[in-house]
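What follows is a single structure, written as structure tokens, with notes after it.
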């Protein structure tokens with residue numbers, strides 16, 4: 001096949017936005033949209049839906065990509081759900097024209113169908129991976145069956161495409177001797193933009209957006225540091241929220257009378273995330289573990305300084321001039337970093353931050369990286 005011709009790539013997803021969860025795997029959807037700049041992309045995703053009246057329902061939408069989502073009614077006997085999901089994948093695959101390559105997104109559980117397509121349809125597959133479950137501290141805690149299947153899925157891949165070196169090393173530890181190329185998450189650098197040049201916040205605005213899971217994001221640590229900053233007399237606002245529980249945050253604010261300093265918000269639509277980023281000065285991510293967080297690259301595209309912990313792939317994409325890297329769970333280090341920002345420490349300009357995002361994470365950049373991989377595997 002001529003490398004210059006558009007190839008038909010099956011984007012087989014373990015996570016993907018659907019009517020049951022609009023946000024699940026939205027970064028995979030953005031990868032698919034980027035890949036579609038140079039190739040024909042068909043997404044296949046199967047998910048259970050308890051509200052379903054029939055056993056299966058197939059939806060198909062077409063825009064820049066074709067998305068085929070199969071909903072299946074879950075069984076009361078959980079082991080049967082594997083077979084129902086497999087049937088769902090097969091039903092969807094029958095609707096798809098001849099493909100050139102399978103691009104698996106998150107190895108488990110959709111990797112089971114990728115193996116089937118390799119063994120019985122002779123289709124190669126590559127794996128884009130975002131899952132923290134493959135980290136060396138998490139993988140051994142899985143049950144034997146999951147570990148066995150994940151090893152088989154990784155071993156069957158033609159190439160690993162992790163979003164960070166850290167995650168790639170974890171994949172190699174599970175199934176070594178695989179070709180690997182880091183292809184990070186993508187950000188729409190036209191939607192995430194720099195605030196108008198003639199506007200500037202009179203008060204330093206820190207921002208944190210996430211699912212607010214304490215064991216993951218260390219929300220309490222950020223709140224503790226915000227209190228210390230307030231007690232020390234710094235002029236700042238810490239805007240924190242997302243699609244998680246707000247109760248611990250509002251209770252903390254009320255207990256310590258911090259409503260002047262800590263501003264809480266709930267679930268945001270994508271355009272509202274863009275607006276929040278555009279109106280902030282610095283993004284704070286105090287995570288205990290990560291891969292390559294989308295908020296990091298969205299912050300850069302918005303011209304924001306970034307404070308992040310040295311976990312997962314954060315350090316790989318945090319040059320010194322773009323922000324501050326701090327140790328995990330170190331509240332003193334976070335306090336010192338936020339003090340530096342409050343005191344006006346000089347970082348790269350907003351324009352340089354945005355251009356870094358364009359060069360490394362834009363749709364055009366990621367599309368080119370994917371296309372080079374596809375050409376290498378389809379044409380050889």
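Things to note:
- DSSP finds beta bridges in the chain, and of those with both partners inside it, around 15 percent are antiparallel.
- The shape of the range 204-360 comes out rounded: with a ≥ b ≥ c from the C-alpha gyration tensor, a/c is under 1.5.
- Once the C-beta distance of residue 359 and residue 169 is scaled by a Förster radius of 22 Å, the resulting FRET efficiency is 0.35 to the nearest 0.05.
- Anisotropy class of the range 189-247 from Cα gyration tensor, a/c 1.5 cut: oblate
- Among 277, 211, 171, residue whose mean-square fluctuation peaks in a GNM of the chain (springs only between Cα atoms under 10 Å): 211
- Sites residue 181 and residue 155, calculated FRET efficiency, Cβ-Cβ separation with R0 22 Å, nearest 0.05: 0.80
- Cβ-derived FRET efficiency at R0 41 Å, residue 61 paired with residue 288, nearest 0.05: 0.65
- Compactness of the chain was expressed as the Cα radius of gyration divided by 2.2 N^0.38 Å, which yields 1.04.
- Global dimensions of the range 171-283 from alpha-carbon coordinates: Rg and Dmax equal 17.7, 56 Å.
- Pair residue 339, residue 213: separation of 7 Å Cα→Cβ label points (nm): 3.3
- Cα-based helix-to-principal-axis angle, 144-156 vs the chain, degrees rounded to 10: 70
- Against the main long axis of the alpha-carbon atoms of the chain, helix 363-378 sits at an angle near 30°.
- Debye log10 I(q)/I(0) for the range 1-143, one point scatterer per Cα, at q = 0.11, 0.18, 0.20 Å⁻¹: -0.41, -1.09, -1.32
- Based on DSSP H segments of at least four residues, each scored -39500 (n - 2.57), the chain has a per-residue ellipticity at 222 nm of -11500 deg cm²/dmol.
- For the chain, averaging the sequence separation of C-alpha pairs within contact (under 8 Å, six or more residues apart) and dividing by the residue count gives a relative contact order of 16 percent.
- Distance from the range 214-287 to the range 94-160 (C-alpha centre basis), Å: 37
- Computed from the Cα positions only, the extents of the range 302-380 along the three principal axes stand at 54, 28, 15 Å, in decreasing order.
- The length gained by stretching the chain between residue 83 and residue 271 to full extension, at 0.36 nm per residue less their Cα-Cα distance, is 63.9 nm.
- Extents of the range 98-187, largest first, come to 39, 34, 24 Å (Cα atoms, principal axes, whole angstrom).
- Debye log10 I(q)/I(0) at q = 0.19, 0.24 Å⁻¹ for the range 153-206, Cα point scatterers: -0.70, -0.92
- Using alpha-carbon coordinates, inclination of helix 247-256 to the longest axis of the chain, degrees: 10
- Here the convex hull built on the C-alpha positions of the range 58-132 has a volume of 120 cubic angstrom per residue.
Values quoted throughout were computed directly from the atomic coordinates according to the rules given, and no laboratory measurement underlies them. Keep in mind that this is a model prediction, so the values were computed, not measured. Here Cβ is always computed from backbone atoms with ideal geometry, including for glycine, and neighbour counts include all displayed protein chains.
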